[in-house]
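In what follows, a single structure is set out as structure tokens and then discussed.
The values are calculated or read from the model by the stated rules, or taken from the named source; none is laboratory data. The structure presented is a predicted model; accordingly, all values stated were derived computationally and were not measured. Neighbour counts run over all protein chains shown; Cβ positions are idealised from the backbone, glycine included.
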Ligand code: SF4
């Protein structure tokens with residue numbers, strides 16, 4: 001199928017001004033470019049977790065799999081290992097990927113499996129109306145923390161660097177052109193790509209003004225230096241008033257999991273010979 005209508009007729013229930021719209025239309029633009037360049041969209045699979053982000057599986061007209069909470073990565077891993085020619089993309093939430101599915105995310109990065117993960121990081125559980133997540137800032141007041149959370153947020157970029165991801169970037173839903181480049185780059189990268197997307201949750205944690213006042217773009221220089229990437233990733237800790245870098249932090253070429261997994265042909269035993277040997281041993 002070519003030139004397909006990529007937005008489905010499903011009723012869209014995202015709140016007005018939700019950053020998920022930007023991610024949906026950016027991904028649609030990337031897919032359209034891929035199709036124009038000769039990729040069959042029948043060979044693209046989208047896997048989602050659970051959360052507001054996950055409705056992407058209903059709203060984009062490509063092969064998709066709605067996994068359970070935090071389990072998008074194991075499903076995506078199975079799909080990629082079953083058919084490594086497929087382009088596998090995961091849309092996951094920050095609660096979904098950095099809490100419930102954290103171990104799966106770390107292992108997928110560690111393996112360097114060729115999957116592109118888009119983390120819709122709105123820093124709040126939006127679908128369940130406003131609980132804190134691993135990336136909510138200290139003092140975040142939500143349904144589960146009315147007096148403010150007493151926890152510091154994790155830094156997902158540092159986590160991905162330490163885990164072995166080979167393409168690590170941060171995007172923002174108010175910078176669509178840059179986000180498109182980052183997503184296209186992640187899909188084009190052969191290896192595990194994690195793009196942490198600062199996604200506006202218009203209803204429960206609208207950080208638009210804060211982000212707009214703090215963001216700047218990383219230069220398009222060499223991204224293969226691990227220590228430089230670590231320093232840049234640590235510049236903003238998802239909590240402070242420091243500048244927030246956007247763009248590609250790290251890219252490295254490394255063999256992928258699916259290319260390293262050795263599939264030995266299964267040798268079926270000769271049943272008669274096994275039985276004869278067994279009976280002979282009994283006599
Ligand atoms: Fe978007 Fe937040 Fe509404 Fe969910 S609750 S649809 S993340 S604005």
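The figures follow:
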quantity: Strands (runs of 3 or more DSSP E) (entirely within segment 184-279) containing at least 2 residues that are within 16 Å of the ligand (Cβ to nearest atom); calculated: 193-198
quantity: Criterion violated by residue 160 - all others in (1) touching a helix residue (DSSP H, G or I) at 6+ places or on another chain (Cβ under 8 Å); (2) part of a loop (DSSP other than H, G, I, E, B); (3) at negative phi; (4) surrounded by 20 or more Cβ atoms within 10 Å (Cβ to Cβ) satisfied; calculated: (2)
quantity: Qualifying residue in segment 118-125 (condition: within 16 Å of the ligand (Cβ to nearest atom), at pLDDT 95 or above and over 15 Å from the mean Cα position of the chain (by Cα)); calculated: yes
quantity: Residue list for segment 154-187, restricted to those being in contact with a strand residue (DSSP E or B) (Cβ under 9 Å, 6 or more places away or on another chain) and without any contact (Cβ under 8 Å) to a residue 40 or more places away in the chain; calculated: 181
quantity: Residue 75 more than 16 Å from the ligand (Cβ to nearest atom) and either on the phi < 0 side of the Ramachandran plot or surrounded by fewer than 16 Cβ atoms within 10 Å (Cβ to Cβ) (or both); calculated: yes
quantity: Matching option when the condition is more than 16 Å from the ligand (Cβ to nearest atom) and either out of contact with any helix residue (DSSP H, G or I) (no Cβ under 6 Å at 6 or more places or on another chain) or in a loop (DSSP other than H, G, I, E, B) (or both), among 150, 109; calculated: 150
quantity: Any hit, segment 71-85, residues being more than 29 Å from residue 9 (Cβ to Cβ), out of contact with any helix residue (DSSP H, G or I) (no Cβ under 7 Å at 6 or more places or on another chain) and touching a residue at least 24 places away in the same chain (Cβ under 8 Å); calculated: no
quantity: Residue list for segment 7-49, filter: within 13 Å of the ligand (Cβ to nearest atom) and part of a helix (DSSP H, G or I); calculated: 20, 21, 22, 23, 24
quantity: Test: residue in segment 255-262 that is modelled with pLDDT of 95 or more, under 15 Å from residue 156 (Cα atoms) and under 19 Å from the mean Cα position of the chain (by Cα); calculated: no
quantity: Filter pass, residue 129 being within 16 Å of the ligand (Cβ to nearest atom) and touching a strand residue (DSSP E or B) at 6+ places or on another chain (Cβ under 7 Å); calculated: no
